[in-house]
1. I'd like the Karplus ³J(HN,Hα) series for the stretch 117-123: coefficients 6.51, -1.76, 1.60, θ = phi - 60°, whole numbers in Hz, and an x wherever there's a Gly or Pro.
2. Kindly write out, for the stretch 63-72 in residue order, the coupling ³J(HN,Hα) from the Karplus curve 6.51 cos²θ - 1.76 cosθ + 1.60 (θ = phi - 60°), rounded to whole Hz, with x marking Gly and Pro.
3. Rounded to whole Hz and in sequence order, give me ³J(HN,Hα) for the stretch 88-105 from the Karplus expression 6.51 cos²θ - 1.76 cosθ + 1.60, θ = phi - 60°, writing x for Gly and Pro.
4. For the chain, with every protein chain kept in place, what is the accessible area per residue (1.4 Å probe, Å²)?
5. Once fully extended, how much extra length lies between Ser122 and Gln1, figured as 0.36 nm per residue of separation less the alpha-carbon to alpha-carbon distance?
6. Pop a pseudo-label 7 angstrom from the Cα along the beta-carbon direction at both Val88 and Asp62 and give the gap in nm to one decimal.
7. What does a probe at Asn77 reach in the stretch 8-22, counting residues whose amide N is under 14 Å from the point 7 Å along Cα→Cβ?
8. Taking amide H positions as placed 1.01 Å from N in the peptide plane, with prolines and chain starts having none, which residues 5 or more places from Phe112, or on another chain, fall under 5 Å of its amide H?
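The values are calculated or read from the model by the stated rules, or taken from the named source; none is laboratory data. What you see is a predicted model; the values in this text were computed from it and never measured. In this analysis, Cβ positions are derived from the backbone assuming ideal geometry, glycine residues included, and neighbour counts consider all displayed protein chains. For the accessible areas, the whole protein counts, side chains as well, though only heavy atoms, and no ligand, DNA or RNA atoms are used. Shrake-Rupley method; radii C 1.70, N 1.55, O 1.52, S 1.80 Å.
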Amino acid sequence: QLQLVESGGGLVQPGGSLRLSCAASGFTLSEYYIGWFRQAPGKEREGVVCISRDGATPTLTDSVKGRFTISRDNAKNTVALQMNNLRVEDTGIYYCALALWVCSSDFRQYNFWGQGTQVTVSS
């Protein structure tokens, strides 16, 4: 069975950190392009950061540069998103997703999605 399962979300104060995990089963993450997306209430789904088959890690939105880092653990078949210095505007449901061909900022280019994990940044 093909699965992507996100975990690690929660409630954090502004300036805090969270580490999200995306665990894959039924396929090998390193063979694809894995993106993190987020969606806040009333807003469009937004690409955050991606990791490509060759290990490149393009940032998909300027607002997270210097704060968010994506990484892959091939032994565990997981992708992580380390989020530091969180802001209220980072609040949303965070999804990991698989694309076949490219690290795109367009969510329509991703073929398979996890269920999402809620990140809430609030004082």
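1. 9, 7, 10, 10, 10, 7, 8
2. 5, 9, 4, x, 10, 10, 9, 9, 8, 10
3. Values, residue by residue: 4, 6, 7, 4, x, 8, 9, 10, 9, 8, 10, 10, 7, 10, 6, 7, 8, 7 Hz.
4. On the way: 6380 Å² over 123 residues.
Result: 52 Å² per residue.
5. Values: separation 121, 0.36 × 121 = 43.56 nm, distance 3.65 nm.
Computed gain between Ser122 and Gln1 is 39.9 nm.
6. In this crude label model, Val88 to Asp62 measures out at 2.3 nm.
7. The answer is 22, whose backbone nitrogens lie closer than 14 Å to the label point.
8. Amide H neighbours of Phe112: Leu98.
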